[in-house]
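See below for the structure under consideration.
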Amino acid sequence: MTGPTTESVPTGAVPTGLVSGPDGRPRCPWGLSAPDYVAYHDEEWGRPLRGVLPMFERLSLEGFQSGLSWLVILRKRESFRRAFAGFDPERVAAFDDADRARLLADAGIVRNRAKIEATCQNARAVLALDVPLDELLWSFAPGPDRPRPRTLADVPAVTAESTAMAKELKRRGFRFVGPTTCYALMQAAGLVNDHLEGCVAG
């Protein structure tokens, strides 16, 4: 979800290496930078995710996050789920002008016309795939020998795999799926493990 990477953690605002939480266990520094992040860091971010609906949700939310803090999206996630019918691609693909007007008037989500249109288009693209969405996305996961980062400075914003994923998704009709957005998805959905080496959640 860009999930929390060096892109979304202000330089100098937090340490770049592991920090101890209230329980004394070491965590990635961004995981303690806001109360909302603790459970997300410990229980969700970087955990392998499977299933078309969960992956479509993550892909959609990463698109909405573009240009914003992930914290904004995380705090609005339940509202997004209600607004987008639980991110069921079949239901979202059927959204009409009335639905788009409803979404643009919904203060509980990010009211960006281009991102709303992209989510509806991406739902249609999901339905047109010849393989399940999660299977397609996982095909871009790097090998298991990829080293864990030691500090936030070692965490990339873009990789060869995320660039290839973005290219393939665009070829298949997806929008708001640039290489940075795709890498954030890879981090959030566990295609890569970017918890710092020694992190309790890694």
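Sorted into 5 angstrom bins from 0, the C-alpha pair distances of the chain split as 1, 8, 16, 21, 19, 15, 11, 6, 3, 1, 0 percent. With the Cα gyration tensor of the stretch 51-154 giving a ≥ b ≥ c as the square roots of its eigenvalues, does the rule (a/c under 1.5 for rounded; else a/b larger than b/c for prolate; else oblate) give rounded, prolate or oblate? Note, shape of the stretch 51-154 comes out oblate. Taken as Cα centroids, the stretch 117-153 and the stretch 82-105 sit 22 Å apart, rounded to the nearest whole angstrom.
Placing R0 at 41 angstrom, the Cβ-Cβ distance between residue 82 and residue 145 gives a FRET efficiency of 0.50 after rounding to 0.05. Count Lys and Arg as plus one, Asp and Glu as minus one, and take only other residues whose Cβ is under 11 Å from that of residue 87; the net charge is then +2.
Think of a 1.4 Å ball rolled over the protein heavy atoms: the chain then has 45 Å² of accessible area per residue. Taken as Cα centroids, the stretch 14-61 and the stretch 159-178 sit 24 Å apart, rounded to the nearest whole angstrom.
Applied to the stretch 186-202, the Karplus parametrisation 6.51 cos²θ - 1.76 cosθ + 1.60 on θ = phi - 60° returns per-residue 3J(HN,Hα) values of 4, 5, 5, 8, x, 5, 10, 10, 9, 5, 4, 4, x, 5, 4, 8, x Hz, with x for Gly and Pro. In terms of the Cα gyration tensor, with a ≥ b ≥ c the square roots of its eigenvalues, is the stretch 30-76 rounded because a/c is under 1.5, prolate because a/b exceeds b/c, or oblate? The shape class here is oblate. Taking Cβ atoms as reference points and 12 Å as the exclusive limit, the residues near residue 125 contribute a net charge of +3, counting Lys and Arg as +1 and Asp and Glu as -1.
Expressed as a whole percent, the accessible surface of the chain that belongs to carbon and sulfur atoms is 51, based on a 1.4 Å probe.
The values are calculated or read from the model by the stated rules, or taken from the named source; none is laboratory data. Remember, predicted model here, so these are calculated numbers, not experimental data. Note that each Cβ is placed from the backbone with ideal geometry, even for glycine, and that neighbours are counted across all protein chains shown. Areas reflect the complete protein model, heavy atoms only, side chains present, ligands, DNA and RNA absent. Shrake-Rupley method; radii C 1.70, N 1.55, O 1.52, S 1.80 Å.
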